[in-house]
Structure formats: structure tokens, C-alpha cells
Amino acid sequence: MSQFISNRYEDTVEYGKSIGLSLTGGEMIILSGQLGSGKTVLAKGIADSLGIDEVVTSPSFSIMNLYNGRLELCHFDFYRIEDRAEMEDLLEDFLYRNGYVCVVEWGDPIMDILESFLHIQIDIDEEARVITEERRNNGGRVDKERGGAV
Ligand SMILES: Nc1ncnc2c1ncn2[C@@H]1O[C@H](COP(=O)(O)OP(=O)(O)OP(=O)(O)O)[C@@H](O)[C@H]1O
Ligand SMILES: [Mg+2]
């Protein structure tokens, strides 16, 4: 587990970029934190280091935005999805798929059914954001083979 203090928007973008640089495809990233904490800002940084030129916007209405870069970026927002089964259905074609990275906002309900993922929690502390990163492995029932080989 590691922690980082972001004092401004640009710090969170940079943090996202550093995450993006380490990605090779097949990863699942859950972004947690309250409304306006900076999840989409962090996703912008990830997209940037995947070589995505398109402007990354919040997928709150579209549920998922797909971007093509060095890897495919599937950016989900499950804020309006109530049911865990529906989240699983939405993820099915993309989760742990070769060449694809899933970044999910408001995906906490599915954390305990995922096999492995990077969990990034953003907490607001006055003006700053405290970003906590943890690699998690549950040995959950959604295994890596489901969406294709890693
Ligand atoms: N250190 C910081 N890092 C990121 N964003 C910051 C920071 N300080 C202030 N902000 C502001 O906080 C807001 C974060 O918005 P963002 O859309 O990324 O939140 P979110 O967590 O995705 O919210 P939602 O749950 O509604 O999708 C932006 O308006 C941004 O300018
Ligand atoms: Mg958002």
C-alpha cells in the first residue's frame, strides 16, 4: 500500500500518468472516493500516458467510454448502476482482456468478486487529495480467463 498527497489538479494528473506508464494490458483499476474527489482527473492522466489524444470526460451518462491508445482504455462510471450483476455484465467483454485496461469509478460493489485489481482511493483532506494505492488479490470468483488471457 502506498500513499501520495496531491495538492492540485496537475498532481493528480501526474499520478495518473505514472500509473498509466506501468500498464501492459489486462489490468483492472477501481477508483474510489466521493463525488468530485478527482477520479476522472486521475483517469485523464492514465489516458494521457496511454497516448490517448481525445479529451477524457466523465462517463456518468454513457456508463462507459472507450479510448484507443497504446492500449484500449475502458473508462466506466457505475454511479447510476445499482446492481452488481449489471456491473458484471457491463464489464464482461473487457475485464482482464489482452490489450485492454479497465478503469472503473464507483465500482466498489464488485471489489469482492474480482480476482485481482489495483484499488486507488482518493480522500479529500481540506484542499488536498490523499491518494492511497493498493494492489489487491481476492481469489474471487471472476477469474482472469473469463475475459480472455491476461
Ligand atoms: N488535487 C486535486 N486533484 C484532482 N482534482 C482536484 C484537486 N483539487 C481540486 N480538484 C478539482 O476537483 C474536481 C475533481 O473532479 P472529478 O470529476 O475528477 O471528480 P470525480 O471523483 O470523478 O467525481 P464523480 O464521482 O462525480 O465522477 C475537479 O473540479 C478538479 O479541478
Ligand atoms: Mg468522475
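The values are calculated or read from the model by the stated rules, or taken from the named source; none is laboratory data. Since this is a predicted model, take the numbers as computed values, not measurements. Please note: Cβ atoms are built from the backbone with ideal geometry, for glycine as well, and neighbour counts cover all protein chains shown.
Checking the structure you have, find out if any residue of the stretch 52-61 is within 27 Å of Asn137 (Cβ to Cβ) and surrounded by fewer than 20 Cβ atoms within 10 Å (Cβ to Cβ). So far as the stretch 52-61 goes, no, none of its residues is within 27 Å of Asn137 (Cβ to Cβ) and surrounded by fewer than 20 Cβ atoms within 10 Å (Cβ to Cβ). Within the stretch 72-86, can one find any residue that is more than 24 Å from Asp112 (Cβ to Cβ) and within 16 Å of ligand 2 (Cβ to nearest atom)? Yes: the stretch 72-86 contains one or more residues that are more than 24 Å from Asp112 (Cβ to Cβ) and within 16 Å of ligand 2 (Cβ to nearest atom). Whenever a residue of the stretch 1-22 is in contact (Cβ under 8 Å) with a residue 24 or more places away in the chain, its partners that are among the charged types (D, E, K, R) and in a helix (DSSP H, G or I), lying with C-beta atoms within less than 6 angstrom and at least six residues away or across chains, give the pairs Val13/Lys44; Lys17/Asp48. If you go through the stretch 99-118 and pick out every residue that is surrounded by fewer than 18 Cβ atoms within 10 Å (Cβ to Cβ) and within 18 Å of Pro59 (Cβ to Cβ), you end up with 2. For the stretch 70-89, filtered to residues that are farther than 21 Å from Ile122 by Cα and surrounded by fewer than 18 Cβ atoms within 10 Å (Cβ to Cβ), the residue that is modelled with the lowest pLDDT is Glu82. If the condition is being more than 11 Å from Val41 (Cβ to Cβ) and not hydrophobic (A, V, I, L, M, F, W, C), then the stretch 1-24 contributes Ser2, Gln3, Asn7, Lys17, Ser18, Gly20, Ser22, Thr24.
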